[in-house]
Amino acid sequence: IALLKINSPAALSYADFGDSNQSRVGDQVIAIGSPFGLRGTVTNGIISSKGRDMGNGIVTDFIQTNAAVHMGSFGGPMFNLEGKIIGINSIHVSYSGISFAIPSNTVLEAVECLK
């Protein structure tokens, strides 16, 4: 996670973060990224599980999804159907159709520490 300060004379568009604690297993999600260099790729899926610990010792509450997230999409947003970012795409288990995202609430906690 990086926190950037941008000075721009023009108004910039951005996506709002949602409350990942409000998301539920079975909710539909949309993932955006650039897998294999294919910019602006959009995939969809559902939240398959929450609170997954992948053993990295840092994030212990990943959101599991079946949205297709591959190398090049990591760091991209996972949106709920209201258009709010509820996760940051982070891990893909090869050829399994299982991916994981860092919950938006965890991301926002990290941002506060960086301020």
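Using the number of other C-beta atoms within 10 angstrom as an exposure proxy, rank 41, 60 with the fewest first. Walk me through the numbers on the way to the answer.
On the way: 41 18, 60 12.
Neighbour counts put them in this order, fewest first: 60, 41.
In degrees between 0 and 90, to the nearest 10, how far off the longest principal axis of the chain does helix 104-114 point, with axes built from Cα atoms?
Compared with the principal axis, the helix lies near 40 degrees.
Starting from the Cα of residue 5, draw a straight line to each of the aspartates and glutamates and keep only those under 19 Å, dropping any in the same chain fewer than 8 residues away.
Excluding near neighbours in sequence, the set is 16, 109, 112.
Considering the zone a paramagnetic label at residue 24 would reach in this model (a point 7 Å from Cα along the Cα-to-Cβ line), which residues of the stretch 32-60 have amide N under 19 Å from it?
Counting only backbone N, you get 45-52.
Give the residue from 45, 113, 25 lying farthest towards the positive end of the charge dipole for the chain; charges sit on Cβ (+1 for Lys and Arg, -1 for Asp and Glu) and the dipole is referred to the Cα centre.
Going by the Cα projections, it comes out as 45.
With no solvent and one equal point scatterer placed on each C-alpha of the chain, evaluate the Debye formula and give log10 I(q)/I(0) for q = 0.18 Å⁻¹, two decimals.
-0.90
To the nearest 20 Debye, how big is the dipole of the chain about its Cα centre, given +1 on the beta carbon of each Lys and Arg and -1 on that of each Asp and Glu?
Values: 7 positive and 8 negative charges, 47 e Å.
So the magnitude is around 220 debye.
Exposure proxy check: 71, 78 ranked by fewest other beta carbons within 10 Å? Mind showing how you got there, number by number?
Working: 71 12, 78 32.
Fewest-to-most ranking of 71, 78: 71, 78.
Read-outs: derived from the displayed coordinates by stated rules, not from any lab. This is a predicted model, so every value here is computed, not measured. Neighbour counts run over all protein chains shown; Cβ positions are idealised from the backbone, glycine included.
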